Amino acid sequence: MNKNTRKYSMGKEYNSRNISVIKNDAGDNIVVINDILFKGKRSINWQEVENYLKEYVGEFYIIADTNDIIYFGSDLPDEYAHSDYTSTLKGANAKAKANAAQGLGAMLEIAINESFIENKKTKHSIDAMNGWYKYESRFALPVYDVDGEIERYNVFHVNMIIRHDINGKKYLYDVLNIKKETSTPPSC
């Protein structure tokens, strides 16, 4: 299957990215990202994250909750890696956003709680002419002990921001409001 038309199925292993989708005890879907690709004791190399995302421009995913098709547009890598929000992130939240890049497609597929926001900025009069959508999603990242073994998983709740272009298509624009949850996903 062509990488630009690849769509993943929920509940299956996402082979090339080493991710999977599980349910927590409350029945919420969580994308489990098993590899930490972007490491940094002090800061994340956001250019590496941008370059990683450029490989996936053109892919699309279907949100199971709404059947909306969401594309990865050419503006996603730069916005994701260099947005005003990203520049404010430090520590665990910066590492979480950087590594969430591996699971964005799956995070879209499990996204819930759609809300619409009218576009009010003239700079987005074309690329978000039809407004913005916000969805909620979750992902988990491993936490390693001193021996390099997985000790637990940290679960994060995020808002996925979608722009509705003048061409009628919807594009992932950024991931915002990353919040660590206190729960741990089962069976990771």
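Only the coordinates and a few stated rules stand behind these numbers; no lab work does. Predicted, not measured: the structure shown is a model, and the values here were computed from it. As a convention, Cβ positions derive from the backbone with ideal geometry for all residues, glycine included, and neighbour counts pool all protein chains shown.
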Which value, in debye to the nearest 20, describes the size of the charge dipole of the chain about its Cα centre when Lys and Arg Cβ atoms bear +1, Asp and Glu Cβ atoms bear -1, and nothing else is charged?
-> 260
In what order do Phe60, Phe116, Phe156, Phe72 fall by count of nearby beta-carbon atoms within 10 Å, going from fewest to most?
-> Phe116, Phe60, Phe72, Phe156
Long pairs among Lys23/Lys120; Lys39/Lys120; Lys54/Lys169; Lys39/Lys169, criterion Cα-Cα beyond 30 Å | Lys23/Lys120; Lys39/Lys120; Lys39/Lys169
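Per DSSP H run of n ≥ 4, the term is -39500 (n - 2.57); total these for the chain, divide by its residue number, and report the mean residue ellipticity at 222 nm rounded to 500 deg cm²/dmol.
That calculation yields -5000 deg cm²/dmol at 222 nm.
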Fewest Cβ neighbours within 10 Å first, please rank Leu37, Leu141 accordingly.
-> Leu37, Leu141
Whole-Hz ³J(HN,Hα) from phi, Karplus 6.51 cos²θ - 1.76 cosθ + 1.60, for the range 112-124, glycine and proline x = 9, 6, 4, 9, 9, 10, 5, 6, 10, 9, 5, 5, 10
How big is the gap, in Å, between the Cα center of the range 14-87 and the Cα center of the range 146-162?
-> 12
Could you line up Met107, Met129, Met160 from fewest to most neighbouring Cβ atoms inside 10 Å?
-> Met129, Met160, Met107
Angle between the Cα long axis of helix 91-100 and the longest principal axis of the chain, 0 to 90 degrees, nearest 10?
-> 70
